[in-house]
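Structure first, commentary second.
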Amino acid sequence: MYTQGLDQAGKEQREVAETADMLAAFQARIDAEEKIEAKDWMPEAYRRTLIRQISQHAHSEIIGMQPEGNWLTRAPSLKRKAILLAKVQDEAGHGLYLYSAAETLGVSRDQLVGDLLSGKAKYSSIFNYPTLSWADIGAVGWLVDGAAIMNQIPLCRCSYGPYARAMVRVCKEESFHQRQGFEIMLTLCRGTDEQKAMAQDALSRWWWPSLMMFGPNDSESKHSAQSMAWKIKRFTNDELRQKFVDVTVQQAEYLGISVPDKDLRFDESSGHHTFGEIDWQEFMDVIAGNGPCNKQRLEKRQAAHDDGAWVREAAQAYASKQAALAAA
Amino acid sequence: MSKQEWPLYEVFIRTKSGLSHRHAGSVHAADDQMALDNARDTYTRRREGVSLWVVRSDSIVASDPAETAAFFEPAEDKIYRHPTFYEIPDGVENL
Amino acid sequence: MTSDEALVAYTLRLADNALVLSQRMLETVAAEPELEEELAHANFALDFIGQARMLYTQAGELEGQGRSEDDLAFMRDENEFRNLLLLEQPNGHFGDALVRQFLFEAFYLHLLEALTRCTDEGLSAIAVRALKEVQYHFRHSSQWMIRLGDGTELSHARVQASLNNAWRYTGEMFVADEIDLAIQENHGGPDLASIQKLWRRDVEKTVAEATLTLPDDEWMASGGKQGQHSEHFGFLIAEMQYLQRSFPGATW
């Protein structure tokens, strides 16, 4: 992943007017499945779209550490504790890979983090829901990571090289995340009645928010068409959501717990499940900052950032002193 | 917000002896030793490597994509550098 | 106390140290000063959880009463835990947690190194593995001691105060009781007096490089190794054990 230093050249280029010829040549590269690399000329809108999407993705990983981290100290066995920590750590790693990919586009991590903390940048709505029982850790792995994988696998082929490469690494590492979640659910469903009730309660609370993770319906999605043309996105929100419902309903049946949707049925003719209407008002509220945990999540991130400032500054001061000594 | 963020380093990993180091990604760090440790803790969590290099990103000198044609295309017509350019009659072996 | 009973008790102490420290470390996940440090921190906590699991399993087998790693971690009461008081101390700020880590790892490193040569094969095998992990941890924590000590005025003052506050918990590491002596005599285990010399040497070296001052050896707290803990320890145990205690016999 290339660097901020190298991106100086990119900034000058961006001042060049985007002519129709340049845009057409760029689109031709995309259509030919060529990868765009950090220093290549790109339309300003392409660059901005990528920064928005990659940084949202990075922020989601970082904020996503909180709901799962909530159960680290209470995990019910040492094995589960270790697995959960490894998973939360992966999320930190994925946030890091993604911030790095965004940095190749000429923004600094400080700017990106600043936008998250000021509320200017968004992150996935799902992480504004609380993890209230141990079964929620299973449900998050099974449903939330399951939905995330649906979104992420096509991104490994995204037209922007640094993002695609980061996503290859992310997908490779995430392959255990969904499985461990399903295994937690399976263990609970095969356990005592109380444990099974815990699993059902978690599915009931996480099902709809998981479907919202795919974003608005295609007809409402303001960024979709252009992102598809640029091959930043490969499938539409509704296509991915449908795929998720089809595979997940079967898994819920295997677990013996029920999906909280009275309109859910299998449609023989299409071979797909039809499902009920998502509560889009709830989705809009959560996106706007009014979910159960929005305030808490950002406050915790802000506190960690503020509490760490003296440590980051000390490390810099020490490095400067050492550099001065070496130069003397 | 920190006054200035830690500099960026590029990370290169040798996955096993006998192979070259390959670019894996980047990390921020306040100093070189921290960069190496951060690279270890970030990019070798699954035993991905046996050797690591880190280098300050602003120390990398890179070619300019705007000059890609002038820079690389002159190599394209020197096909005599490739063994397939030469015709060897059937029956001649070990060449 | 038979030789085997001492070995079980000793192994449990090591396991409790690793588990209690990792439990404290889990409390600061997602709150580290920088993302890269988040990854390092999780790696270290994972190492300690891994060590605790190996040690509990080993202790359970030696004991021969069919207790699993989870039985030992989740079904023993607060006063049955024999970890050092230092490790159960609340995290405080980054400097407090760092000093706790640094002072313990300087000790643990030499303890493990000695245990690689003990005559109990199970314990020496675990020590070999853990030693590699802790060597890296200690380098990391030492470097951070130096960065904070020789960083800004603020960081210097903060980490000096952390060091002064934690110092009272270091004495306990080197007070050999009958269990320590039994391991030393019967299994070729560590001599805590020589470990203390090595510890002091390493701590002094880093503290000097960090431009910090070594606190005076005044009053030293003790009791953790005998099961007498700090008030806040009960909360740590209650939080950790709550699911196992609420649903006895359930599988997770």
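Please go through the residue pairs A:LYS120/A:LYS300; A:LYS122/A:LYS300; A:LYS122/A:LYS233; A:LYS35/A:LYS122 and name each one whose alpha carbons sit more than 20 Å apart in this structure.
As for pairs spanning more than 20 Å Cα to Cα, those are A:LYS35/A:LYS122.
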Handout entry: Amide H contacts of B:GLY25 (H built 1.01 Å from N, under 5 Å, at least 5 apart or other chain)
Key = B:VAL11
Practice task
Please find, in a Gaussian network model of chain A (springs between Cα atoms separated by less than 10 Å), the residue of A:GLY93, A:GLY146, A:GLY271 whose mean-square fluctuation is greatest.
Solution key: A:GLY271
Practice task
Work out how far the C-alpha atoms of the range C:3-246 reach from end to end along every principal axis, then list the three figures in whole Å, largest first.
Solution key: 55, 42, 32
Handout entry: Long-range amide H partners of A:LYS233 with built H, under 5 Å
Key = A:MET228
Handout entry: Volume of the Cα convex hull of the protein assembly as shown, divided per residue and given in Å³
Key = 230
Fill in the blank from the handout: With +1 on the Cβ of every Lys and Arg and -1 on the Cβ of every Asp and Glu, the dipole magnitude of chain C about its Cα centre, in debye rounded to the nearest 20, is 300
Handout entry: Rounded to 10°, Cα long-axis angle of helix B:32-43 versus longest principal axis of chain B
Key = 70
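Would you tell me the mean number of C-beta atoms belonging to other protein chains that fall within 10 Å of each C-beta in A:88-100, as a whole number?
For peptide A:88-100, the averaged partner shielding equals 6.
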Problem - Whole-angstrom gap from the range C:140-181 to the range A:198-217, using each part's C-alpha centre - result: 46
Handout entry: Residue with peak Gaussian network fluctuation, chain C [Cα springs, cutoff 10 Å], from C:THR213, C:THR57, C:THR11
Key = C:THR213
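Using a 10 Å cut-off around each Cβ of peptide C:67-77, what is the average number of partner chain Cβ atoms that fall inside?
For peptide C:67-77, the averaged partner shielding equals 2.
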Exercise for the section: Relative to the longest principal axis of the C-alpha atoms of chain C, give the angle of the C-alpha long axis of helix C:94-115, reported between 0 and 90° and rounded to the nearest 10°. Expected result: 50
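Sort chain A into rounded, prolate or oblate with this rule: let a ≥ b ≥ c be the square roots of the eigenvalues of the Cα gyration tensor; rounded if a/c is under 1.5, and if a/c is not under 1.5, prolate when a/b is larger than b/c, oblate otherwise.
Judged from the Cα gyration tensor, chain A comes out oblate (a/c at least 1.5, b/c at or above a/b).
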Practice task
Just tell me how shielded A:190-198 is by partners: mean number of partner chain Cβ atoms within 10 Å of each residue's Cβ, no decimals.
Solution key: 2
Problem - Accessible area in square angstrom per residue, chain A, 1.4 angstrom probe - result: 41
Exercise for the section: For the range A:257-328 and the range B:24-61, write down the distance between their C-alpha centroids in whole Å. Expected result: 26
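Within the P(r) computed for chain B, what percentage of the Cα pairs occupies the region above 19 Å?
Details: 2805 of 4465 pairs.
In whole percent, the share of Cα-Cα pairs in chain B beyond 19 Å is 63.
How long are the semi-axes of the equivalent ellipsoid of the range C:75-194, defined as square roots of 5 times the Cα gyration tensor eigenvalues? Whole Å, largest first.
Taking √(5λ) for each Cα gyration eigenvalue gives 29, 17, 13 Å.
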Practice task
Let me know the shape class of the range C:1-146, please: from the alpha-carbon gyration tensor, a ≥ b ≥ c as square roots of the eigenvalues, rounded when a/c is under 1.5, otherwise prolate if a/b is greater than b/c, or oblate.
Solution key: prolate
Handout entry: Electrostatic dipole magnitude of the protein assembly as shown [Cβ: Lys, Arg +1; Asp, Glu -1; Cα centre; debye, to 20]
Key = 340
Exercise for the section: Might you work out the accessible area of C:GLU32 for me, using a 1.4 Å probe with all protein chains in place, and round it to the nearest 10 Å²? Expected result: 20
Completion exercise
For A:LYS243, the accessible surface traced by a 1.4 Å probe with all protein chains present amounts, in square angstrom to the nearest 10, to 120
Completion exercise
iface B-A | buried accessible area, total | probe 1.4 Å | Å², round 100 | 2600
Problem - With Cα atoms, 0 to 90° folded angle of helix A:294-327 axis to chain A main axis - result: 40
Completion exercise
With every protein chain in place, the accessible area of A:LYS231 for a 1.4 Å probe, in Å² rounded to the nearest 10, comes to 40
Completion exercise
Checking the range B:25-95 for chymotrypsin sites (Phe, Trp or Tyr not before Pro) in a loop per DSSP with at most 14 other beta-carbon atoms within 10 Å yields B:TYR86
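The values are calculated or read from the model by the stated rules, or taken from the named source; none is laboratory data. Predicted model only: the values in this text are computed from it and were never measured. Don't worry about glycine lacking a Cβ; one is built from the backbone with ideal geometry, like all the others, and counts go over all protein chains shown. Quick note on the areas: whole protein, heavy atoms, side chains included, nothing else; ligands and nucleic acids left out. Shrake-Rupley method; radii C 1.70, N 1.55, O 1.52, S 1.80 Å.
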